[in-house]
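Colleague: Right, I'll just put the structure down here and ask away after.
The values are calculated or read from the model by the stated rules, or taken from the named source; none is laboratory data. None of the values given here were measured: they were computed from a predicted structure. Glycine gets a Cβ as well: all are built from the backbone with ideal geometry, and neighbour counts include every protein chain shown.
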Amino acid sequence: MVFSSVYFVFLFLPIVFLLYYLTRGRVRNVILLCSSLLFYAYGEPVFVFVLMASVCINFLLALGIAKKRHQRLLLLVAVVLNIGLLFVYKYLYFTISLCNLIPGISLPGKEIALPIGISFFTFQALSYVIDVYRSGRAQKNLFDLALYICFFPQLIAGPIVRYHDIATQLEDPERLGRRLFGKDPKTIEDLGIGAERFLVGFLKKVLIANQLAVIADQIFDLENYAALSTPAAWIGSILFTLQIYYDFSGYSDMAIGLGRMFGFQFLENFDHPYIAGSVTEFWRRWHMSLSGWFRDYVYIPLGGNRRGTARSILNLFVVWLLTGIWHGANLTFVCWGLLYFVFLVLEKYVIRPGRFQNGIAKGIYRVITLAIVNCLWVLFRADTLEKGMTFLSRMLGITGAEQMGFSGGWYLMLVREYGIFIALALLLCMPLRKKLLAFCEKSPKSAAARVLTALYFAALPLLFFWAVSFLVLGAHNPFLYFQF
């Protein structure tokens, strides 16, 4: 089940919402846990057992670690089991395929169905066990730990939530005792902020990402990239660059909004990454929960930048190799991660964009950054490394004959039917909503703030029903990050 579906919005969510607010106390956590398992079981019920097995094993290992006996051994067991689970489902077949490329080796194996969101819930479980090892404090209530890992807003696509960030919220008497109807300002505030954030994410996903996906998929799904025209290749790459941002950030917005509606506050996952002035800054703004996870659980434990330049570069190499592998079992993802490693090292030790003082120089490097990010998304999207390189070569006009461009009518159709969505995508990459809300909050009594606030909150429900009409009519509704 996805958030951007009619079943979720008009059936699942209202029922869970009513059950949650019609009860009080710790039974609310039970309702959320049962709802989360039902949400995960929709379509693939067998993988609920994999999810719950992960929860129970990590719960028991964490309890053992908290007793401070054989801590390192138990932590090693936890790491091996969690990474092993991820490896079997996500990387075993890929590893066998690589081994079979070696002459004389022929290992049997077939591709295994991938549990949805396995990378996300495995990383959350692993971070919990490591935090217990560091702090010595473990959750003694299995249901609360299960809710932390399985909570449906962030279960299948993040953001990756650290246990210590919501530990107190799980047992918060205020959250567990709030009334839906009454004069509780905190409840009204959370519901209002959460609902607005969910709507914003829903509109990003359905009105922008889904529409851009129609054209991006039409181009990337071509069999012969070598015959692709240069303009069409650039259009495909740019639209996919926009699609993946609105797809994933929209889903993160919906997750953060849903969590807030139930009294949980998740950390931000995106901060307008396409306004970044460098590749380094881009990764401070893109998928921040994943970047923070690798920083705190891989880069810093390896020594970070405290052991000299050579060791720092090696640590960055490990982090970005793992980042590429985390995204998928394909050489395209490995190459994607390692190329980011190269650009980040160049920025840190050679280019040093922070030293640019001239506005023109900053602007030029900002354009270079966007070009790098755009080209690397091509590798991310391509089915094979060879096809990705061919696509990039067509963007540069290097290989092939321009015979498969699209007709003039196709370009007119693109502007006529999708121009408004492309324009919105380009415009909303900038922090306009953030500035609007900040202005209205800073000067709530001014006439301009009142008018802008009224227009904004009047537009949201209208746009929501427009977006729903796309879903009702069966419009294209993919979700990129389900594969992770």
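Colleague: Are there any pairs with C-beta distances below 7 angstrom linking a residue in the stretch 10-29 that is of a type in the set (Lys, Arg) to a residue that is part of a helix (DSSP H, G or I), with the two at least 6 apart or on different chains, and if so which?
Modeller: Matching pairs, first to second residue: Arg24/Leu176; Arg24/Gly177; Arg26/Leu176; Arg28/Tyr20; Arg28/Leu176.
Colleague: Among residues belonging to the stretch 159-202 that are more than 21 Å from the chain's Cα centre (by Cα) and among the aliphatic types (A, V, I, L, M), point out the one that is surrounded by the most Cβ atoms within 10 Å (Cβ to Cβ).
Modeller: Only one residue fits best here, namely Leu170.
Colleague: For the stretch 435-462, which residues satisfy the criterion of being within 17 Å of Phe202 (Cα to Cα) and within 28 Å of the chain's Cα centre (by Cα)? Spell out the reasoning first.
Modeller: Taking the stretch 435-462 first, the residues within 17 Å of Phe202 (Cα to Cα) are 456-462.
If the condition is that a residue be within 17 Å of Phe202 (Cα to Cα) and within 28 Å of the chain's Cα centre (by Cα), then Tyr456, Phe457, Ala459, Leu460, Pro461, Leu462 are the ones that fit.
A quick yes/no check of all residues on (1) outside any helix (DSSP H, G or I); (2) touching a helix residue (DSSP H, G or I) at 6+ places or on another chain (Cβ under 6 Å); (3) without any contact (Cβ under 8 Å) to a residue 40 or more places away in the chain; (4) surrounded by fewer than 18 Cβ atoms within 10 Å (Cβ to Cβ):
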site	(1), (2), (3), (4)
Leu242	no, yes, no, no
Met254	no, yes, no, no
Leu258	no, yes, no, no
Phe264	yes, yes, no, no
Tyr274	no, no, no, no
Ser289	no, no, no, no
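Colleague: Restricting to the stretch 35-57, name every residue that is assigned to a helix (DSSP H, G or I) and out of contact with any helix residue (DSSP H, G or I) (no Cβ under 9 Å at 6 or more places or on another chain).
Modeller: Phe49
Colleague: In the stretch 94-106, which residue that is in a loop (DSSP other than H, G, I, E, B) and either of a type in the set (S, T, N, Q) or outside the structural domain of Ala41 (by TED's automatic domain parsing) (or both) is surrounded by the fewest Cβ atoms within 10 Å (Cβ to Cβ)?
Modeller: The initial filter retains those residues of the stretch 94-106 that are in a loop (DSSP other than H, G, I, E, B), namely 100-106.
Applying the additional criterion that residues be either of a type in the set (S, T, N, Q) or outside the structural domain of Ala41 (by TED's automatic domain parsing) (or both) yields 100, 106.
Details: Asn100: 13, Ser106: 9.
For the stretch 94-106, the residue satisfying everything is Ser106.
Colleague: Within the stretch 9-32, take every residue that is over 15 Å from Phe152 (Cα atoms) and β-branched (Val, Ile, Thr) and give me the one that is farthest from the chain's Cα centre (by Cα).
Modeller: Taking the candidates together, the pick is Thr23.
Colleague: List pairs: first in the stretch 94-105 and without any contact (Cβ under 8 Å) to a residue 24 or more places away in the chain, second in a helix (DSSP H, G or I), Cβ under 6 Å, 6+ apart or cross-chain?
Modeller: Correct list of pairs: Ile105/Cys99.
Colleague: Mind counting the residues in the stretch 1-19 that are outside any loop (DSSP other than H, G, I, E, B) and either over 17 Å from Met254 (Cβ atoms) or of a type outside the set (Ser, Thr, Tyr) (or both)? Lay out the reasoning, then the answer.
Modeller: Kept after step one, since they are outside any loop (DSSP other than H, G, I, E, B), are these residues of the stretch 1-19: 6-19.
Imposing the further condition that a residue be either over 17 Å from Met254 (Cβ atoms) or of a type outside the set (Ser, Thr, Tyr) (or both) reduces the set to 6, 8-19.
Result for the stretch 1-19: 13.
Colleague: Let me ask something else about it. Scan the stretch 14-71 for residues that are more than 21 Å from Ile166 (Cα to Cα) and touching a Ser or Thr at 6+ places or on another chain (Cβ under 9 Å) and jot them down.
Modeller: Ile15, Leu19
Colleague: Among the helices (runs of 4 or more DSSP H) lying completely within the stretch 341-458, list those that include at least 1 residues that are surrounded by 12 or more Cβ atoms within 10 Å (Cβ to Cβ), modelled with pLDDT under 85 and assigned by TED's automatic domain parsing to the domain that holds Phe202.
Modeller: Details: elements: 359-381, 385-395, 408-427, 432-442.
So the answer is 408-427.
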